């Protein structure tokens, strides 16, 4: 049994972890799914730190997508966090941005979207499933697109402060069919983190399309850290 704090990524909110949350709760874990303001990286890190301050005992911090940048900063200096789990996630170093980490080998789509879109950024509904959720049923992807959470440009372009992954054990769930953060980029981040690798044949929205595998990865980290 562990405390698990789940941090969502771009264009979704804490409900994107619903099925993973259910699986972890069935395993007896104490789970909190954070609701990020998505107003800046600083604000999002602060929100996660507020959640961490309310945890009693050791905590595993899990980040998806841009949420990886958030957990890297939020865990720094925290006495609660014992391990980090990155799910198709950005893991910038200090002084890097989430955008740089996520687009390391394939900057095209995300950089173009930032250049062309108004701030805050939303993902065009007609491209939502293609970019984010290719293995999610079409009806479910349409609901996700309709309820997406806008993201301030500062979330992606603000430089990261000190990060915790230099000192904490980490795991990385690599999604081979990801069209937002390519498998090549995820492999590079896994190597830089020195993370334990879990490879999944899934899109970026793996917590929705294959929640059991994500749950299993988090529970595996919990067992190692117990």
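Okay, here's what the table says:
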item	result
Helical mean residue ellipticity (222 nm; -39500 (n - 2.57) per DSSP H run of 4+; nearest 500) of the chain	-12000 deg cm²/dmol
Order of 165, 17, 11, 188 under a 10 Å beta carbon neighbour criterion, fewest first	188, 165, 11, 17
Potential extension, residue 191-residue 1 segment - 0.36 nm per residue separation minus Cα distance	65.6 nm
Nitroxide proxy distance, nm - points 7 Å out along Cα→Cβ at residue 127 and residue 140	2.4 nm
Inter-label distance, nm, simple model (7 Å from Cα along the C-beta direction), residue 159/residue 184	2.7 nm
Estimated FRET transfer efficiency when R0 is 41 angstrom, pair residue 119-residue 22 (beta carbons, to 0.05)	0.75
Simple spin-label estimate for residue 42 and residue 93 in nanometres, 7 Å along Cα-Cβ	2.4 nm
Isotropic mean projected area of the C-alpha convex hull, the chain (nm²)	10.4 nm²
Antiparallel content of DSSP bridges confined to the chain, in %, to 5	10 percent
Residue order, fewest to most surrounding Cβ atoms within 10 angstrom, among 71, 218, 198	198, 218, 71
Full-stretch length increase - residue 13, residue 199 - with 0.36 nm per residue and alpha-carbon distance subtracted	64.6 nm
Pairwise centroid distance, computed over Cα atoms, of segment 1-77 with segment 173-217, Å	17 Å
Residues 102, 1, 144, sorted so that the one with the fewest Cβ neighbours within 10 Å comes first	1, 144, 102
Chain lengthening between residue 147 and residue 225 when straightened (0.36 nm per residue, less Cα-Cα)	24.5 nm
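Any read-out appearing in this document is the output of simple, stated calculations on the displayed coordinates, not a laboratory observation. None of the values given here were measured: they were computed from a predicted structure. We place every Cβ from the backbone using ideal geometry, glycine too, and count neighbours over all the protein chains shown.
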